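The values are calculated or read from the model by the stated rules, or taken from the named source; none is laboratory data. Computed from a prediction, not measured in an experiment: that's the story for all the values here. Cβ placement follows ideal geometry from the backbone for every residue including glycine, while neighbour counts extend to all protein chains displayed. We work out accessible area using only protein heavy atoms, side chains counted, and drop any ligands, DNA or RNA first. Shrake-Rupley method; radii C 1.70, N 1.55, O 1.52, S 1.80 Å.
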2 protein chains.
Amino acid sequence: MGGDYAPAEPVAGAVLAAREFDAIDLQLVGQESAIRAALATAGGEGLLASGRLSIVHTDEVIGMEEHAASAARSKPNSSMVVATRLAKKDKADACVTAGHSGAAMAAALFTLGRIRSVERPALAVLFPTIDGCCIILDVGANTDCRPTYLAQFAVMGETYARIVLGLERPRVGLLSNGEEDTKGSQLTIEAHKLLRGLELNFIGNVEGKDIPAALADVVVTDGFSGNVALKMAEGMFKLTFDLVRREAKRSILTQLGGALMRPAFLGVRKHVHYEEYGGAILLGVEGVAIVAHGRSSARAIRSAIRVAMQCAQGGIVDRIRGGIAAGSTTPVST
Amino acid sequence: MGGDYAPAEPVAGAVLAAREFDAIDLQLVGQESAIRAALATAGGEGLLASGRLSIVHTDEVIGMEEHAASAARSKPNSSMVVATRLAKKDKADACVTAGHSGAAMAAALFTLGRIRSVERPALAVLFPTIDGCCIILDVGANTDCRPTYLAQFAVMGETYARIVLGLERPRVGLLSNGEEDTKGSQLTIEAHKLLRGLELNFIGNVEGKDIPAALADVVVTDGFSGNVALKMAEGMFKLTFDLVRREAKRSILTQLGGALMRPAFLGVRKHVHYEEYGGAILLGVEGVAIVAHGRSSARAIRSAIRVAMQCAQGGIVDRIRGGIAAGSTTPVST
């Protein structure tokens, strides 16, 4: 029920996913009448009849303007919290929401709980690169980090990369302000040493420009810098297209060129569009919780469900638990 | 003598600047014979004869692979350090270099010294936006910052914006991971409070995507996040163009469109190209020190000289000294 286009787009996305992915059944959590209407529009009534889709009714909804942590705590019957609880109680293998991101993270933390040896769960995204995509984490769950958090982010991100990118040996980079080992903040210089000690394909420091250039499959950073980098990328992509549009208007020939180029521009937009990349995942909690973009279209929801399915099938929680336990980081109980 | 194309491009840039800016004379610091040869190539011999250009001979050069601080200290006769010393001794009003950035910052710090009340000098760049450009600082001089540093960066960046952007009341934003006042790291939350207390047009937190969108004229951040953001912008711009090029190859029509669009693409590149923006400036030192890009072309050097001229004419050092003294930040002697 959350997000800008609920319940129409989430429901339509669930219909797409149910049709495409035979291995899964889907539970739609929210106001039953609204969901039924959206299902009718999306042509998904047959899936309801066959049991591939089912509805878990609840009336409460967390609004986009509410305070994240208190909404997640004070609204146990909101569609988001109910969906998360299903994933906790083994009534679901994963949950997906396009609602209030902060509340979704809080709901996942409170309801699923963090994996015992994980110091801080981290929010990870799939980021478009020239080759395909890479994983960046943390992008906003932890603004202030300790070096050990970053070492654990590396382990969690690497596990996620193996599962969703299908890589045998993902290249893990540490985001810094220079490539040399000695470059960085106090945080990254210490984290660099810890990462060197892990059983990972650690390729050293990477810079902001190395992310789109696909130099790493997993980019580890604190949630502040990760968020800044992610939003700068978004802004710079928009700026580039806005400038192209403006410059193209200067002559008839460039306008014509722009019209002919339209399929290419659409191809570029599709390549970098979050719709293809399945939202963010909170790694380090006892379950699979996907936080899709608030403006998620049906296609974006379908991609988020695909990632949720891959993570559940891949046993991501157990693998992260094992990876953290095997890692040489010494978690400080906090 | 520094940078990838020295001395040819720096000398050619000096010739461009001498022709364009009547108000200034230029001293070229480096190996006299090499500079004379470059001047001949650039057609600048007449400027030498008329005294608009002169040569300050020195043989030593700091290589791009040397250690920044030790090179700046151990090579007092390098072209970079000699040029900086001229600016210290009032034999020059400003110095410009395209050499080793780290060494240039170190040379400026050691030779010019920091303004007494400034806790930490900061590296500021002009960043292209949809409207023109904004100033980001710090972008790499200080990876670990205290809130008071950021408050001083705001004062220095605002002064720089008044001088080089010609703005009466520059909008100052604090880079964070959310727009709300309460969003951010411990550093930015504290800095936010300090900025609220300054006599500035402080517009609050800005996100990465707000920078290209021109929501602020001055963006204040620590040198780590600033560097990450800057390099991510560079990488994302390159990615966008690389993707457009790749997508355009998919059909004859899009290829034709791309050919017709060429002037528009060149216009976009020019708009965001560092050549137009005059390099970085180390603010908070007792003089005007411009650190141009290592790959600076003649045009980039000319832009850097223009910024140097504006800063010297605008009395930036005295204005920063006054601004910091008037500010409500309480500098901690370090």
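Answer with yes or no whether residue A:41 is surrounded by 16 or more Cβ atoms within 10 Å (Cβ to Cβ), of a type in the set (S, T, N, Q) and out of contact with any Lys or Arg (no Cβ under 9 Å at 6 or more places or on another chain).
No; evaluated as a whole, the condition is false for this residue.
For residue A:184, all conditions in the list (1) touching a helix residue (DSSP H, G or I) at 6+ places or on another chain (Cβ under 9 Å); (2) within 27 Å of residue B:142 (Cβ to Cβ); (3) outside any loop (DSSP other than H, G, I, E, B) hold save one; what is the number of the exception?
Of the numbered conditions (1) touching a helix residue (DSSP H, G or I) at 6+ places or on another chain (Cβ under 9 Å); (2) within 27 Å of residue B:142 (Cβ to Cβ); (3) outside any loop (DSSP other than H, G, I, E, B), the odd one out for residue A:184 is (3).
Does residue A:143 satisfy the condition of being among the polar types (S, T, N, Q), open to solvent by 20 Å² or more (accessible area, probe 1.4 Å) and in contact with a Gly (Cβ under 6 Å, 6 or more places away or on another chain)? Spell out the reasoning first.
Working: among the polar types (S, T, N, Q): yes; open to solvent by 20 Å² or more (accessible area, probe 1.4 Å): yes; in contact with a Gly (Cβ under 6 Å, 6 or more places away or on another chain): yes.
So residue A:143 passes the test.
Can you name the residue in the stretch A:160-183 that is open to solvent by 10 Å² or more (accessible area, probe 1.4 Å) and touching a residue at least 60 places away in the same chain (Cβ under 8 Å) and is also nearest to the other protein chains (Cβ to nearest Cβ) among such residues?
The selected residue is A:164.
Just the residues that are open to solvent by 20 Å² or more (accessible area, probe 1.4 Å) and either part of a helix (DSSP H, G or I) or more than 18 Å from residue B:94 (Cα to Cα) (or both), please, taken from the stretch B:4-31.
B:4, B:5, B:6, B:7, B:8, B:9, B:10, B:12, B:16, B:19, B:20, B:31
I'd like the full set of residues that are within 11 Å of another protein chain (Cβ to nearest Cβ), of a type outside the set (S, T, N, Q) and open to solvent by less than 10 Å² (accessible area, probe 1.4 Å), limited to the stretch B:185-209.
B:206, B:208
Quick one: how many residues across the stretch A:31-60 are of a type in the set (Gly, Ala, Ser) and farther than 24 Å from residue A:310 by Cβ?
Step one: of the stretch A:31-60, the residues of a type in the set (Gly, Ala, Ser) are A:33-34, A:37-38, A:40, A:42-44, A:46, A:49-51, A:54.
This time we only want the ones that are farther than 24 Å from residue A:310 by Cβ, so: A:33-34, A:37-38, A:40, A:43, A:46, A:49.
So the count comes out to 8.
How many residues does the stretch A:72-93 contain that are surrounded by fewer than 23 Cβ atoms within 10 Å (Cβ to Cβ) and assigned to a helix (DSSP H, G or I)?
The total comes to 6.
Quickly run through the stretch A:32-70 and pick out the residues that are assigned to a helix (DSSP H, G or I) and either in contact with a Gly (Cβ under 7 Å, 6 or more places away or on another chain) or among the basic types (Lys, Arg) (or both). Working first, answer last.
Pass one, the stretch A:32-70, residues assigned to a helix (DSSP H, G or I): A:32-42, A:45-50, A:68-70.
Scanning the stretch A:32-70 gives A:36, A:68.
Across the stretch A:210-220, what is the total count of residues that are within 8 Å of chain B (Cβ to nearest Cβ) and either part of a helix (DSSP H, G or I) or in contact with a strand residue (DSSP E or B) (Cβ under 6 Å, 6 or more places away or on another chain) (or both)? Spell out the reasoning first.
Taking the stretch A:210-220 and keeping what is within 8 Å of chain B (Cβ to nearest Cβ), we get A:210-213.
Checking the rest, the ones that are also either part of a helix (DSSP H, G or I) or in contact with a strand residue (DSSP E or B) (Cβ under 6 Å, 6 or more places away or on another chain) (or both) come to A:210-211.
Residues flagged as within 8 Å of chain B (Cβ to nearest Cβ) and either part of a helix (DSSP H, G or I) or in contact with a strand residue (DSSP E or B) (Cβ under 6 Å, 6 or more places away or on another chain) (or both) within the stretch A:210-220 amount to 2.
Among the residues of the stretch A:94-145, how many are at the interface with chain B (Cβ under 10 Å from one of its Cβ atoms) and assigned to a helix (DSSP H, G or I)?
Count: 1.
Would you mention how many residues in the stretch A:275-289 are surrounded by 24 or more Cβ atoms within 10 Å (Cβ to Cβ) and either part of a helix (DSSP H, G or I) or among the polar types (S, T, N, Q) (or both)?
Residues that pass the stated criteria total 0.
Of the conditions (1) in contact with a Cys (Cβ under 9 Å, 6 or more places away or on another chain); (2) surrounded by 22 or more Cβ atoms within 10 Å (Cβ to Cβ); (3) farther than 21 Å from residue A:92 by Cβ, residue A:308 clears all except one; give me its number.
Of everything listed in (1) in contact with a Cys (Cβ under 9 Å, 6 or more places away or on another chain); (2) surrounded by 22 or more Cβ atoms within 10 Å (Cβ to Cβ); (3) farther than 21 Å from residue A:92 by Cβ, residue A:308 misses just condition (3).
When only residues in the stretch A:158-179 that are touching a strand residue (DSSP E or B) at 6+ places or on another chain (Cβ under 7 Å) and either among the hydroxyl-bearing types (Ser, Thr, Tyr) or assigned to a loop (DSSP other than H, G, I, E, B) (or both) count, which is nearest to residue A:304 (Cα to Cα)?
Result: A:160.
Are any of the residues in the stretch B:290-304 among the hydroxyl-bearing types (Ser, Thr, Tyr) and open to solvent by 10 Å² or more (accessible area, probe 1.4 Å)?
Initial filter on the stretch B:290-304 (among the hydroxyl-bearing types (Ser, Thr, Tyr)): B:296-297, B:303.
Next cut, open to solvent by 10 Å² or more (accessible area, probe 1.4 Å) only: B:297.
Checked the stretch B:290-304: at least one residue is among the hydroxyl-bearing types (Ser, Thr, Tyr) and open to solvent by 10 Å² or more (accessible area, probe 1.4 Å).
Suppose we filter the stretch B:255-272 for residues that are open to solvent by 40 Å² or more (accessible area, probe 1.4 Å) and touching a strand residue (DSSP E or B) at 6+ places or on another chain (Cβ under 8 Å); how many remain?
Final tally of qualifying residues: 0.
Hey, can you tell me all the residues within the stretch A:210-232 that are surrounded by 23 or more Cβ atoms within 10 Å (Cβ to Cβ) and either free of Cβ contacts under 8 Å to residues at least 60 places away in the same chain or more than 23 Å from residue A:148 (Cα to Cα) (or both)?
A:212, A:225, A:228, A:231, A:232
Mind counting the residues in the stretch A:56-66 that are under 9 Å from residue A:31 (Cα atoms) and surrounded by fewer than 19 Cβ atoms within 10 Å (Cβ to Cβ)?
4
Going through the stretch A:233-254 one residue at a time, which ones are farther than 30 Å from residue A:145 by Cβ, small (Gly, Ala, Ser) and surrounded by 23 or more Cβ atoms within 10 Å (Cβ to Cβ)?
Of everything in the stretch A:233-254, just one residue is farther than 30 Å from residue A:145 by Cβ, small (Gly, Ala, Ser) and surrounded by 23 or more Cβ atoms within 10 Å (Cβ to Cβ), namely A:248.
A quick yes/no check of all residues on (1) part of a helix (DSSP H, G or I); (2) facing chain B (nearest Cβ under 7 Å); (3) under 30 Å from residue B:176 (Cα atoms):
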{"residue": "A:229", "(1), (2), (3)": "yes, yes, yes"}
{"residue": "A:234", "(1), (2), (3)": "yes, yes, yes"}
{"residue": "A:237", "(1), (2), (3)": "yes, yes, yes"}
{"residue": "A:242", "(1), (2), (3)": "yes, yes, yes"}
{"residue": "A:255", "(1), (2), (3)": "yes, no, no"}
{"residue": "A:261", "(1), (2), (3)": "yes, yes, no"}
{"residue": "A:264", "(1), (2), (3)": "yes, yes, no"}
{"residue": "A:268", "(1), (2), (3)": "yes, yes, yes"}
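Determine the pairs where a residue that is in contact (Cβ under 8 Å) with a residue 60 or more places away in the chain, located within the stretch B:21-40, has a partner that is loosely packed, with under 15 Cβ neighbours inside 10 Å with Cβ atoms under 7 Å apart, the partner being 6 or more residues away or on another chain.
Hits for this filter: B:27/B:54.
Mind listing whichever residues of the stretch B:238-259 are in contact with a helix residue (DSSP H, G or I) (Cβ under 6 Å, 6 or more places away or on another chain) and in contact (Cβ under 8 Å) with a residue 12 or more places away in the chain?
Of everything in the stretch B:238-259, those that are in contact with a helix residue (DSSP H, G or I) (Cβ under 6 Å, 6 or more places away or on another chain) and in contact (Cβ under 8 Å) with a residue 12 or more places away in the chain turn out to be B:244, B:258.
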